[in-house]
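Notes for the one structure printed next.
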2 protein chains.
Amino acid sequence: MSKLRIIPLGGMGNVTRNMFIYEYEDEMLIVDCGIGFPELNMQGVDLLIPDATYVHDQLEQGKHIVGMFMTHGHDDHIAAAGYILPELPEFPIYASPLTAAFATQRMSDHHVDREITPVRDREPVQLGYFSVETIATTHSVPDTKHLIIRTPEGVVYHGSDFKLDTNPIDGVLPDYDAITALARDEGILCMMVDCLRIENSKLTLSESTVKVALEREMANVRGKIVITLMSSHIHRIQQAVDVAVSMGRKIVFIGRSVEQNVEIAILLKKLDLAKEHIIDKRRIEDYDSDKLCLIVAGSQGQEGSSLIRAIFGEHQVLHIDPADKVIFSADVIPGNEQPFYNAIDELARVGVDVVYPDIAHDLHVSGHASAPEQKQLIELAQPKYLFPIGGAYRHRKLFTDLAMSIGYDRQHVLLPEDGQVVQFEGDEYSRGEKVLLRDLMVDGKGIGDIGTVVLSDRKVMSQNGMIVLVIPKYKGEADLSNIQVISRGFIFMKHADEFVENIKKQTAEIMEELKKSNEKEGDLLRRLERRLARRIDKMIGRAPLILPVFMDVE
Amino acid sequence: MSKLRIIPLGGMGNVTRNMFIYEYEDEMLIVDCGIGFPELNMQGVDLLIPDATYVHDQLEQGKHIVGMFMTHGHDDHIAAAGYILPELPEFPIYASPLTAAFATQRMSDHHVDREITPVRDREPVQLGYFSVETIATTHSVPDTKHLIIRTPEGVVYHGSDFKLDTNPIDGVLPDYDAITALARDEGILCMMVDCLRIENSKLTLSESTVKVALEREMANVRGKIVITLMSSHIHRIQQAVDVAVSMGRKIVFIGRSVEQNVEIAILLKKLDLAKEHIIDKRRIEDYDSDKLCLIVAGSQGQEGSSLIRAIFGEHQVLHIDPADKVIFSADVIPGNEQPFYNAIDELARVGVDVVYPDIAHDLHVSGHASAPEQKQLIELAQPKYLFPIGGAYRHRKLFTDLAMSIGYDRQHVLLPEDGQVVQFEGDEYSRGEKVLLRDLMVDGKGIGDIGTVVLSDRKVMSQNGMIVLVIPKYKGEADLSNIQVISRGFIFMKHADEFVENIKKQTAEIMEELKKSNEKEGDLLRRLERRLARRIDKMIGRAPLILPVFMDVE
């Protein structure tokens, strides 16, 4: 008997890095291909990508990829494509028009040129055993879709990031009818549900409520209005520019991501803004301040973003004056508090009027469903199995509680870890094997060439710096009178002559002692390192990376 | 004419590291002596302390310190005493009994033994020109005081951290009468006000409301109840143990800070808990799980804390089982989100019932006054000048707005930066000079021996590691055939032979080229470093710290 197999390659328990493999007999269907964001202990890591080794293994065994769908245009669902697709054979890729354009843009950053076919809602695409159709839903980027995936073992509802917006900006409501009809006519075997915001018990406000807040905050500003927001949030941008235009202000977009996304959105008619209202950022000086509204990237206070450069006086064209007003139309993402509030504090310090969600209500609403919306979706779809996605472990736990409160038993809520194969055969779930996945870290141009050793060295050096001890060896004999000490990040070296001499002396002493032991060179160096570490800790209470090396000189 | 001078040595615009100098003629009075917490870019720094150079300078000029008061027992108000007091001459120190005991404990960590005299409220202590009395207020540690400081130029109200709790656990309400009488009989020249929570427009709930939430969450737990909270929050601990005892559970305290603080609080009768209810942590196994309530340190998910070691199975006596329930009775402090939620996620992952303020209302209430409480205090005191403290720049800005909304003009709200001298003479404010202050960073046993250079090296190494190139020199001639490459945190070196050879080759090439230029050694190495950096960036897109050094060998 054949089985439908679903393998989450990322995103289980850590929110981002979404990539799912649907497998039936010798066919694989891919859903999403997103990046993840490094944890605090992954210093210097730019981003994480899903580990596609499993897919390569299956290809080698003669299976093939029938196609790929992308659910929406956020980086944690599309931005790994530029890394992963070049290593895979060609296959058709589908997405809604805006998602396709955003993903194409991301891939072009990696000089990857793969065509993505834009699809229309409720028009199934047959890909081998699988038939996939998109249906409308609402989220913080337009053109977000849920997927109905028909398989020989039943229907899977792929309910990626969503909210149930009752009054969306583009008028496109979540397709409740499609879900109801599907539940009634075919029945849903398994439903994946974005559970990220299950901690919230109140209905998420409609995106359209933000307009009132923007009107309130944009009124009576003497100088420029500077609005910062998530650059893919086209509907938020729509509302901001609508208010600005109604106030007779011209619009300026500043920041690579904002400029690129807006260009795409206007082209695809997802953003309705006539050219005459837009001015090039190099022409700001030609207009009076009170006739300008600037939409600027950097809503998380990111180092190097346009907003941060402007705030600290380092932006070429954007200068923020005390008469201006800066509006943060975005919540801080957990972990970004320090740069986010530093940006606001600096504006407050120099006397610029600044508002942000903590003090100005409704300046931001979430794009994710709260608990009652998740419940509503489940009750509409009445799936046999539930599969919470997009949340951390605590969210999945609460989702399980929610499911049980409306009649599901624990066995019908699937909580696989990354790589855990979920199987369905004749309507019944079973647990498959666990695919081993690596944390694929991207740092610069290197992918997967750093691991725990490199990271732990980075951590030690970030905390206490390093000390390299070069011990020259003449004809196999260490010259302890000529030890060289190289150190950075440990203490301020220009005032540390005494310390360096001390370390040289201690190294020589320890080496003399150790030499008598006739140990192997490697063991000797490790013991030297440990002893020196103890002495340094005693002297100054720090634990730098200590690297003693011999250097053969003839 | 003499002036009253107030010099904030820390805490302006960055919340923590509180220390104020009050100065009149040749006398100085110190209020508080707290530590600060490092910013993200201060890697490896344990904590910050106020820079007391100004005080030392004044002492050298013949001034003297008449005494010191501490407002309450939080580390950002008391914990720098162990670093700063040993360098200063003896002077009397005063605080409320619990604050005195907590501060004594902190100083003993540094083997500093200075007596602190416990004071009673509304009993003025004359210290030279100054007369200081404490009055009761409420906060998240018992025995928190505001100070009334009488000076020859007028009365200063030192309104450090507070809330206006209408139903405090110990029954000690803020002393409204004292403030009213002071305003009426003497008039307040300047009032400092803790403005940290001014972003909140709702009244802060009374600490006593937490009890209901604890009763709700502690009911019907099959196994152990594990409660984690701020270890100095004795009133929270009081409520938790009251509920636990009423449920017939024994109390176990786990974690150095919790154990120390509880011992002190019981001794001073600030925590009411009979010995018979407490069990030693080594006797946990002697009791049934459902007869135990454990109060455990680590409410921020701090690495190495008792709670985190227990969660990850590394605690000697505390083991958390799926039948247990873990209660976080503390909000996450901004910046701690990742360890805090990682702890919760790990508990959820292994199936332990865990509740925290995001999902269980009233499990935590703040100890700081919201905007209406700050307003109430100001209206009661009617000071001539206002001086917001304890907040960041954005809070001070909002405080100014609040003050202006109740009739103050901008000139009567004082917003000095750290080190800016605030002066009063005959009831009038004037701006004094600005005292230069250094960021005094503590790392291990070293204080102030690391600065921006060390920190920027740590940052570079934390992001991309380091490469040391040792180029041996024989009789002044570089031996390019024997270059040694030592690298950590850059790429995984065991698989980097090719890369290392490449770097050696490139170094030799660049050196050959550069040698022709007849440059000085230092310039040569700097150019080598820059060129190599460019090549490495091109190869792998990383920017490690590159350290080329010559090594003279005979």
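Normalise the Debye intensity by I(0) for the protein assembly as shown, one equal point scatterer per Cα, no solvent, then take log10 at q = 0.05, 0.06, 0.08, 0.10 Å⁻¹ and round to two decimals. Evaluating at q = 0.05, 0.06, 0.08, 0.10 Å⁻¹ gives log10 I(q)/I(0) of -0.39, -0.57, -1.03, -1.49.
Counting DSSP beta bridges with both partners in chain A, what percentage is antiparallel, nearest 5? Around 50 percent antiparallel, to the nearest 5.
Sorted from shortest to longest, the distances between the A:Lys63 label points of this copy and the other copies are 7.6 nm, with each point 7 Å from Cα along the line through the beta carbon.
Most simply put, the range B:425-554 has about 55% antiparallel DSSP beta bridges, counting only bridges with both residues inside it. Distance from the Cα centroid of the range A:466-505 to that of the range B:479-500 is 20 Å (rounded to whole angstrom).
Can you tell me the orientation of helix B:452-464 relative to chain B, as the angle in degrees between its alpha-carbon axis and the longest Cα principal axis, to the nearest 10? Helix B:452-464 sits roughly 70 degrees off the main axis of chain B.
Rounded, prolate or oblate: which one fits the range A:20-145, using the alpha carbon gyration tensor with axes a ≥ b ≥ c (rounded when a/c is under 1.5, else prolate when a/b beats b/c, else oblate)? It is oblate, given that a/c is not under 1.5 and a/b is not larger than b/c.
Assuming R0 = 60 Å, can you tell me the calculated FRET efficiency for the pair A:Asn502 and B:Asp242, based on Cβ-Cβ distance, to the nearest 0.05? That pair, A:Asn502 with B:Asp242, gives E of 0.60.
Between copies, the label points at A:Met404 (set 7 angstrom from Cα along Cα-to-Cβ) are spaced 5.5 nm, reported in nanometres from shortest to longest. Give me the distance between the Cα centres of the range A:390-465 and the range B:328-377, rounded to whole Å. Cα centres, the range A:390-465 to the range B:328-377: 25 Å.
When the range A:451-553 is described by a simple charge dipole with +1 on each Lys and Arg Cβ and -1 on each Asp and Glu Cβ, the residue from A:Asn502, A:Ser487, A:Ile540 located farthest towards its positive end is A:Ile540. Shape class of the range A:451-553 from the Cα gyration tensor (axes a ≥ b ≥ c, square roots of the eigenvalues): prolate, since a/c reaches 1.5 or more and a/b is larger than b/c. Once the Cα atoms are used to define both axes, helix A:521-540 deviates from the longest principal axis of chain A by about 80 degrees. Panel values: the range A:207-355, Kirkwood radius from alpha carbon pairs, Stokes-Einstein at 37 °C and 0.692 mPa s, translational diffusion coefficient 216 µm²/s. Sorted largest first, the spans of the alpha carbon positions of chain B along the three principal axes are 84, 72, 45 Å.
How many partner chain Cβ atoms sit within 10 Å of a residue's Cβ in peptide B:352-361, on average, as a whole number?
Average neighbour count from other chains, rounded to a whole number: 2.
In nanometers and ordered shortest first, the copy-to-copy spacing of the B:Arg283 label point, defined 7 Å from Cα toward Cβ, is 8.3.
Converting phi to 3J(HN,Hα) with the Karplus coefficients 6.51, -1.76 and 1.60 and the offset θ = phi - 60°, the range A:206-220 yields 5, 3, 5, 5, 5, 4, 4, 5, 5, 4, 4, 7, 8, 6, 6 Hz in sequence order, with x at every glycine or proline.
Here is the list for the range A:51-97: GluC sites (Glu not before Pro) lying in DSSP coil, each with at most 13 other C-beta atoms within 10 angstrom of its C-beta, are A:Glu90. Under the criterion of Cα pairs below 8 Å and six or more residues apart, the relative contact order for chain B equals 15 percent.
Listed peptides B:523-531, A:109-117 appear in the order B:523-531, A:109-117 once ranked by packing, highest mean of other Cβ atoms within 10 Å at the front. Coupling constants for the range A:282-298 follow from the phi torsions by the Karplus curve (6.51 cos²θ - 1.76 cosθ + 1.60, θ = phi - 60°), and in residue order they are 6, 10, 3, 5, 6, 10, 5, 4, 7, 10, 10, 10, 9, 9, 10, 6, x Hz; glycine and proline get x. When DSSP beta bridges are restricted to pairs lying wholly in the protein assembly as shown, around 50% turn out antiparallel. Is the shape of the range B:480-537 rounded, prolate or oblate, going by the alpha carbon gyration tensor and its root eigenvalues a ≥ b ≥ c, with a/c under 1.5 for rounded and a/b larger than b/c for prolate? Taking the square roots of the gyration eigenvalues as a ≥ b ≥ c, the range B:480-537 is prolate.
Hey, how many Å between the Cα centroid of the range B:170-211 and the Cα centroid of the range B:515-548? The range B:170-211 and the range B:515-548 have Cα centres spaced 60 Å from each other.
Values in this text are rule-based calculations from the coordinates and carry no lab data. None of the values given here were measured: they were computed from a predicted structure. Reconstructed Cβ throughout: ideal geometry from the backbone, glycine too, with neighbour counts over all protein chains shown.
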